[in-house]
Amino acid sequence: MTMPDNADTPAEQEPRQLFHIGVSPHIRDADTTSSIMGWVIAALLPLTAYSIYICGLSAVTTIFYSIAGAVATEYIIQRIRKVHVTVGDLSAVLTGLLLALTLPPRLPFWMPLIGGAVAIAMGKQVFGGLGHNIFNPALVGRAVLFVSWSKYMTTSYLVDPRAAVVNTSTIKAIDAVTKATPLFAEGQVRKGLLVLDASRYYRPLLFGNPWGCVGEVSALLILLGLAILLYKRLVDWRIPVCYVGTVMVLSRIIGADPIFAALAGGLLLGACFMATDYVTNPMTAWGKVIFAVGCGIVTVVLRFYSSLPEGVMFAILLMNGVTPLIDRYVKPRPYGAIKATARVAEES
Amino acid sequence: MGLAQRMRSWVLTRGGVHPDPRKETATMMVFPGPSPEQVVIPLLQHVGAVCEPVVEVHDHVLVGQKIGDSEEYISAPVHSSVSGEVTGIVMYPHPGGRDVLSIQILSDGRNQLSPDVKPPGDPASMTPEEIRRVVREGGMVGLGGGGFPTHVKLSPSAGKPIETVIINGAECEPYITGDHRLMVERGAQIINGAQIIKRAVGAERIVVAVERNKPDAIQRMREAGTGEGVEVVVLPSRYPMGAEKLLIYNITGHEVPARGLPRDVGVEVNNVGTAYAIHDLFDRGMPLVERVLTVSGDGVAGHANLRVRIGTLARDVIDFCGGLVGERGKLIMGGPMMGLAQYTTNVPVVKGTSGIIVLRHETLFRQEPAQFTCIRCGRCVRDCPMNLMPYAMGAYSDAGLWDQLENLDVMDCIECGSCAYICPTKNPLVQLIKVGKEGVTRRKRKVETLERASSSKE
């Protein structure tokens, strides 16, 4: 692109009078990959800070090791692949942070470290790096931890939610169920094992939830993060709205409390920050709607009709897999491509 | 505009981006530009056939004298913008990028008018054919940048009556303010030119379209249009609102069919600059020998809206505005979104040159080096005014997959640059799409040749 000053020029041409050439547009928007990643991280900061306030040092170590694992793995693999090291674009930092937010706070330090490494290695670099992965890297990392060390993943909460909502004898009766968040208790209610008024959990879920993962401490701060993303036009509103909306509607239909269904578990974090991951959701507006509604349906199915207590992670991963198919078939109608029937109707 | 239509225009608006307008020259009166010692007038300043010179070296020519013309229907003659001596008929750099046969004229500084320059008569008593003939002889082309010969646009096709003449004053390109100033300073003349266009195409109404960010132009056009049956439509400020197809969609609610023309939906669009030039042609008999353009950007010392003689070299215009400042970046003929980057200042202003924008090196290249790795953010799809899928078109073009590219309707792309502008990874999408269009066309031609060859064998 650069034209050297000493280039051969026509005789009448004064040297040093040459300009750059290139195809229009000649001006570009200020946003770059790293600025976008930076803003998403910024949108997560209030939540992260509050989580550290609630969970203390355990949240700090989980977040630190998760990000360290992700960034170190990105650096090492890119050096091995002999490609440009793109740690500076902050995408690995974001992956590490998102992974940490989906983990219980009291994990041994090596688990987030492995999770971060797996997220980048198996979730991203194995496909060719940023932009090429099919599945959300953070959720790939979490899924591997979940199936490999499910005991840690279901018991490392700050407060055992079972103790908070039910008495010990009930717990023994239903001990087969593993994961333990307010969602767990809600499931027991639905199964008639315990009586619970879901609305008494609205307030703690919104303002300070000690039973969940690092990133589930406050639904309100997740929504604040979403507001930042929407204000900066970084994500499309269709995904969080359609995802959470589908879950609420379906929960209502099968008789569960829709507000509780929206606030509890990983739904809001998943719908606002995971399902909206650029790389792994469809490109078109209607594609995004299909993707989000699909996530909602799978989440409700997994929550209520499987042995898993929570369905957000697998729902998003499953729909990630469907994304290439959606992108292939859901295309916007180009301007001027008037259907033959419509034109006949217009003319008559 | 009624409330219903206003609301519909908000609903209908789609796609587009909001580049920093940088219209610092919007309040500056149009000044006469430099009196160049020499002009270089290309024989191709329009879409269509190149003109043949009708003068010879050492001929003495006068302002408004025809110096090039063509037998072809889709072409427009060119006229001398100065009086003086023809010193050469040579291949010369052209804003379009290739060298074009051009007529060099050394000015005698007197700017004597040609005797041919005289009012052609009252357009109100002329037939549409007579109006078209005058417009053709005046060398009129679309001044918005497209450069399509105006007399062709003023010839309605059989069975496609034109109801509405849209006068395009959207001027959505950043920096460019020539149309804005024309509307503020020459509103009545623009309306007069629009009436002549309306008469030539047999239309029923005139709509002047202006973006919301030009309140003074809106007011002046409303004043000028009062009692003339002219409707001024205020459009949202958004690039590329002035693109013909988008303009029509936002004003009429109709989409121009793919590969169709505005007349398919009963509309003809002309730029305000063209309307003004047509007024001038019928008022004074002056053919298209000068135009208003904006000089701006941080690479040039002075900013201005100038009335510049066609054929004036960019160098003379820049020197007239105080010269270049800062490290050389880009010299753009037209606006920064769709204009053409020039490697030299030694290139003439042509009929379609709406601006000379000079940007410094640091302004253009301050961002981190491009990775060209699509992160699938979807902004290009969201903002494409034609509802295409730029990221996929770029990828298929890069891979040379012409069939898949054609399936994405790449030929409908208007190359407005919204996708490449908004792309956070700075993917050169317009460049890839241009290459892709070439590839699709080449492949089609090859297939046709093969089919013809095989059928002739049988």
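Think of the protein assembly as shown as having a plus end and a minus end, set by charges on the Cβ of Lys, Arg, Asp and Glu; of B:Gly285, B:Cys374, B:His46, B:Cys374 sits farthest toward the positive end of this dipole. Averaged over the residues of B:372-385, the number of partner chain Cβ atoms lying within 10 Å of the residue Cβ comes to 6.
On full extension, the segment bounded by B:Glu37 and B:Arg307 gains 95.6 nm, given 0.36 nm per residue less the C-alpha separation. Checking the Cα-Cα distances for A:Lys331/B:Lys426; A:Lys232/B:Lys426; A:Lys331/B:Lys330; A:Lys331/B:Lys214; B:Lys153/B:Lys351; B:Lys330/B:Lys434 against a 27 Å cut-off, the pairs over it are A:Lys331/B:Lys330; A:Lys331/B:Lys214. In terms of overall dimensions, the C-alpha atoms belonging to region B:134-225 reach 38, 25, 21 Å along their principal axes, ordered largest to smallest. Distance between the 7 Å Cα→Cβ label points at B:Ala49 and A:Ser148: 7.5 nm. Oblate is the label for region A:33-152, because a/c, from the alpha-carbon gyration tensor with a ≥ b ≥ c as root eigenvalues, is 1.5 or above and a/b does not exceed b/c. With a 10 Å cut-off around each Cβ of A:120-132, the average count of Cβ atoms from other chains is 2. Our compactness index for region B:379-457, the C-alpha radius of gyration over the empirical 2.2 N^0.38 Å, is 1.25.
Among A:78-91, A:307-320, sorting by the average number of other beta carbon atoms lying within 10 angstrom of each residue, highest first, gives A:307-320, A:78-91. Highest mean packing first, where packing is the average number of other Cβ atoms within 10 Å per residue, the peptides B:390-400, B:179-189 line up as B:179-189, B:390-400. Between B:Thr127 and B:Thr226, the FRET efficiency estimated from the beta carbon spacing at R0 = 30 angstrom works out to 0.60. When the P(r) of the protein assembly as shown is calculated, the portion above 54 Å amounts to 25% of the C-alpha pairs. Taken about its Cα centre, region B:379-457 carries a charge dipole of about 260 debye when Lys and Arg each add +1 at the Cβ and Asp and Glu each add -1 at the Cβ.
Taking the charge dipole of region A:33-152 about its Cα centre, with +1 at Lys and Arg Cβ atoms and -1 at Asp and Glu Cβ atoms, the residue from A:Ala138, A:Ala68, A:Pro108 reaching farthest to the positive side is A:Pro108. Here the gap between B:Asn111 and B:Arg445, fully extended at 0.36 nm per residue and compared with their Cα-Cα distance, gives a gain of 115.4 nm. The dipole here belongs to region B:75-219: it is taken about the Cα centre, uses +1 on the Cβ of Lys and Arg and -1 on the Cβ of Asp and Glu, and is about 280 debye.
Working note: Cα atoms of region B:121-284, range along each principal axis, descending, whole Å: 38, 37, 28. Rounded to two decimals, the Cα-based Rg/Rh of region A:234-321, with Kirkwood Rh, is 0.94. For chain B, averaging the sequence separation of C-alpha pairs within contact (under 8 Å, six or more residues apart) and dividing by the residue count gives a relative contact order of 17 percent.
Both radii were evaluated on the Cα set of chain B; the Rg over Rh quotient, with Rh as the Kirkwood radius, amounts to 0.97. Between the listed residues B:Thr25, B:Ala194, A:Ala59, the Cα displaced farthest toward the positive end of the dipole of the protein assembly as shown, a dipole computed from Cβ unit charges relative to the Cα centre, is found at A:Ala59.
Computed extension gain for B:Thr87 through B:Ala453, at 0.36 nm per residue and net of the alpha carbon distance, reaches 126.9 nm. For the peptides B:51-60, B:433-442, B:243-252, residues were scored by their other Cβ atoms within 10 Å and the scores averaged per peptide; the highest-first order is B:243-252, B:433-442, B:51-60. The charge dipole of chain B, taken about its Cα centre with unit charges on the Cβ of Lys, Arg, Asp and Glu (plus for the first two, minus for the last two), comes to roughly 1100 debye.
Averaged over the residues of A:35-43, the number of partner chain Cβ atoms lying within 10 Å of the residue Cβ comes to 1.
Each reported figure results from applying straightforward, stated rules to the coordinates on display, with no laboratory input. Predicted model only: the values in this text are computed from it and were never measured. Glycine also receives a Cβ, built like all others from the backbone with ideal geometry; neighbour counts cover every protein chain displayed.
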